[in-house]
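Engineer: I'd like to ask some things about the structure below.
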Amino acid sequence: MINGEQNNMFIYRVEDEFGNGCYRNKAYWVNRIKHHDFNPKYPQPREDKGINRYVKENEFCGFKDLTQLKQWFNLKEIKRMRKNGYTIHKIEVEAITAYGQKQCLALIPKLRIKIDENMIFNLPV
């Protein structure tokens, strides 16, 4: 928890229906986002200024807002991931535990809300 923040905090995350993120195991290869490896635009949390540590067992990665998500993924990547069962979710969390320049870490979520990428990228629905 940062500065006593709690309740009604939300992050955005790309995940499957089971809550698995798009960088987990097989999904990483299926979604063809391996070009993110070793690229400063896509740092691991331990390399992201402001986080500078590994993700704890009770945490996961996400984005503090849609702007941060759109700086990480482009529409083509989002559409490819959607074809493979991954969608954007707005997730209510108990606490955001670290803010990085490119991402944030949060505790295990309480609520997930699926978000349509057309709304995020201002495309006609």
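Engineer: Just for the stretch 1-57: of the residues that are modelled with pLDDT of 85 or more and of a type in the set (S, T, N, Q), which one is nearest to residue 97 (Cα to Cα)?
Structural biologist: 52
Engineer: Just the residues that are closer than 14 Å to residue 89 by Cβ and either outside any strand (DSSP E or B) or of a type in the set (A, V, I, L, M, F, W, C) (or both), please, taken from the stretch 52-63.
Structural biologist: Those that are closer than 14 Å to residue 89 by Cβ and either outside any strand (DSSP E or B) or of a type in the set (A, V, I, L, M, F, W, C) (or both): 60, 61, 63.
Engineer: Pull up the stretch 42-51, narrow it to residues that are assigned to a loop (DSSP other than H, G, I, E, B) and in contact (Cβ under 8 Å) with a residue 12 or more places away in the chain, then point me to the one that is surrounded by the fewest Cβ atoms within 10 Å (Cβ to Cβ).
Structural biologist: The extreme case among them is 49.
Engineer: Among the numbered criteria (1) closer than 12 Å to residue 13 by Cα; (2) modelled with pLDDT of 95 or more, which single criterion is violated by residue 96?
Structural biologist: Residue 96 satisfies all of (1) closer than 12 Å to residue 13 by Cα; (2) modelled with pLDDT of 95 or more except (1).
Engineer: For residues that are assigned to a strand (DSSP E or B) and either charged (D, E, K, R) or at positive phi (or both), tally how many sit in the stretch 85-117.
Structural biologist: 5
Engineer: Residue check, residue 82 against (1) surrounded by fewer than 15 Cβ atoms within 10 Å (Cβ to Cβ); (2) part of a helix (DSSP H, G or I); (3) of a type in the set (Lys, Arg), all met but one. Which one?
Structural biologist: Every listed condition holds for residue 82 apart from (1).
Engineer: May I pose another question? Collect the residues in the stretch 85-99 that are over 16 Å from residue 59 (Cα atoms) and more than 10 Å from the chain's Cα centre (by Cα), keeping them in residue-number order.
Structural biologist: Of everything in the stretch 85-99, those that are over 16 Å from residue 59 (Cα atoms) and more than 10 Å from the chain's Cα centre (by Cα) turn out to be 85, 86, 87.
The values are calculated or read from the model by the stated rules, or taken from the named source; none is laboratory data. As the structure is a prediction and not an experimental result, all values here were calculated from the model. Positions of Cβ are generated from backbone atoms using ideal geometry, with glycine treated the same way; all protein chains shown enter the neighbour counts.
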